[in-house]
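Engineer: Sharing a structure below in structure tokens format, with a few things to ask.
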Amino acid sequence: GGLAALRVADLDKRVAAAVAVAAPADVTDLVQTMTPFAPSAAEGLVQFMGGRPAEIADRYQEMSLINCAPRLRLPVLLVHGSADMRVPPEQAHRLHGALLKAGNQQVNLELIPGMGHFLEVGTLGYQFDQVVDLATTWLRKTLN
């Protein structure tokens, strides 16, 4: 979802602001990072992409958000769980840094302590309401 949200924001200029949950900054890096500890998840990503990074490097570059960061000039809220094992929080920090470096001063990063990729926090359950409240509050403030 987070990758798709920012790709749409990059491609469709009607989008005025974007909220991205657990967005990967660099898909090549993500596959390489996931392979040792979550090989089936990495393989699922490879299948989704249509091949391995070495086979279709251009596609991976196109899908990596750090490469479209210079074009993302709209307000962006990045929401990420600090315990995300599918897309590690380092990806969020990297994307946040790329957006700032590209000159987007309207980017916010919200790390939710203990939250995983599917918005779960251990035995406390899913944090859907917290994420929705965070996003809607930010959108109201950002879009007036």
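The values are calculated or read from the model by the stated rules, or taken from the named source; none is laboratory data. Owing to the predicted nature of the structure, the values given are computational and were not obtained by experimental measurement. So basically every Cβ, Gly included, is an ideal-geometry build from the backbone, and we count neighbours across all protein chains shown. Please note that ligands, DNA and RNA were not included when accessible areas were found on the heavy atoms of the full protein model with its side chains. Shrake-Rupley method; radii C 1.70, N 1.55, O 1.52, S 1.80 Å.
Engineer: Can you give the calculated 222 nm mean residue ellipticity of the chain, where each DSSP H run of n ≥ 4 adds -39,500 (n - 2.57) and the sum is split over every residue, rounded to the nearest 500 deg cm²/dmol?
Structural biologist: On the way: 7 runs with 72 residues, N = 144.
-15000 deg cm²/dmol, from helical runs alone.
Engineer: Whose amide H sits under 5 Å from the amide H of VAL79, counting only residues 5 or more places off or on another chain, with H placed in the peptide plane?
Structural biologist: Excluding prolines and chain starts, which carry no amide H, the hits are ALA20, VAL21, ALA22, ALA23, GLU110.
Engineer: Right, next: At 1.4 Å probe size, put LYS13, LYS101 in order of accessible surface, largest to smallest.
Structural biologist: On the way: LYS13 145, LYS101 185 Å².
Final ranking, largest accessible area leading: LYS101, LYS13.
Engineer: Hey, with R₀ at 30 Å, roughly what FRET efficiency would GLU43 and ALA16 work out to, going by the Cβ-Cβ distance, to 0.05?
Structural biologist: Values: r = 37 Å, r/R0 = 1.22.
So the FRET efficiency works out to roughly 0.25.
Engineer: OK, next. Between VAL107 and residues 5 or more places away or on another chain, which pairs have amide H atoms under 5 Å apart, with H built 1.01 Å from N, and which residues are they?
Structural biologist: Residues meeting the amide H criterion: VAL76.
Engineer: Right, next: Please state the relative contact order of the chain as a whole percent: Cα pairs under 8 Å, 6+ residues apart? The partial results should precede the final answer.
Structural biologist: Details: 225 pairs, mean separation 35.2, N = 144.
Relative contact order for the chain comes out at 24 percent.
Engineer: Continuing with the same structure: Please list, in chain and number order, the residues 5+ apart from ARG86 or on another chain whose amide H is under 5 Å from its amide H, with Hs placed from the backbone.
Structural biologist: HIS117
Engineer: With all protein chains present, how much of the accessible area of the chain (probe radius 1.4 Å) comes from carbon and sulfur, to the nearest whole percent? It would help to have the intermediate numbers written out before the result.
Structural biologist: Values: 4400 of 7780 Å².
The computed percentage sits at 56.
Engineer: Starting from the Cα of LEU139, move 7 Å in the Cα-to-Cβ direction to define the label point; list residues of segment 98-133 whose amide nitrogen is under 12 Å from there.
Structural biologist: 132-133
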